[in-house]
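Reading through the structure tokens given below for one structure.
The values are calculated or read from the model by the stated rules, or taken from the named source; none is laboratory data. The shown structure was predicted, so the numbers you read here are calculated from the model rather than taken from an experiment. Cβ atoms come from the backbone with ideal geometry, glycine included; neighbour counts cover every protein chain shown.
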Amino acid sequence: MAEDGDKFDAIIIGGGFAGVATAHRLAQSARSVLVIERGPSCGAKTFTGGRIYAYALKKLLGDEWKDAPVQREVTREIIVLPTDRDATNVDTTLNSVNEESYTVLSTPLIQWLAERVEEAGAMIITGSTVEGLIIRDGRVCGVRVRHRFQRPHVHASTPCARNRLHARDDHAVHGRWHLDPARRVPR
């Protein structure tokens with residue numbers, strides 16, 4: 001997070017896999033990052049599962065990936081090559097570390113990764129929808145955001161060329177809280 005609590009090097013719209021992975025990379029590189037997610041938590045609007053290769057998690061998280069909520073290791077793969085009248089099966093046992101992969105449920109994995117993003121210093125606000133861009137001198141300098149309970153605007157406090165963003169004082173975002181102290185933003 002930025003030193004004064006309200007300036008950001010990057011605003012990421014969407015807290016799915018790509019959004020939280022990008023936020024993690026930026027936060028690990030000492031960038032101040034804000035993730036704006038329309039769901040009640042990151043990954044809440046993702047109802048799929050699938051397969052993820054360990055090398056991708058290792059590249060993003062280092063050894064910390066071993067704590068990720070993966071389901072089962074994939075040790076065998078069957079590929080079916082159908083034709084009009086028949087099919088050929090290719091049955092493979094996966095033994096190489098380079099092929100290490102796991103089945104996952106997306107929502108728990110994204111929510112776990114969002115926690116790592118916050119630990120790295122990024123800020124996540126949920127229940128918020130980006131309604132438009134703030135443009136000055138032909139450059140995007142921020143976003144207009146609608147929250148379930150209030151209407152914050154996140155925009156640039158300094159010239160757009162610096163790409164530093166902040167939340168307007170009347171609806172500023174601080175930590176995991178909006179200025180309305182009665183409502184904690186859910187993760």
Next on the checklist: Quick test of your reading of the structure: D63 fulfils all but one of (1) acidic (D, E); (2) closer than 22 Å to V145 by Cα; (3) exposed (fewer than 13 other Cβ atoms within 10 Å of the Cβ). Name the failing condition by number.
Outcome noted: (2)
Item to check | Residues of segment 80-124 classified as surrounded by fewer than 16 Cβ atoms within 10 Å (Cβ to Cβ) and either without any contact (Cβ under 8 Å) to a residue 24 or more places away in the chain or over 13 Å from the mean Cα position of the chain (by Cα) (or both), total | outcome: 22
Checklist entry - Does segment 16-55 hold any residues that are touching a helix residue (DSSP H, G or I) at 6+ places or on another chain (Cβ under 7 Å), small (G, A, S), at pLDDT 90 or above and surrounded by 22 or more Cβ atoms within 10 Å (Cβ to Cβ), and which are they? => result A23, A27
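Residue-wise test of (1) part of a strand (DSSP E or B); (2) more than 30 Å from G142 (Cβ to Cβ).
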site	(1), (2)
A18	no, no
A23	no, no
G39	no, no
I52	yes, yes
L57	no, yes
L60	no, no
E64	no, yes
V70	no, yes
V90	yes, yes
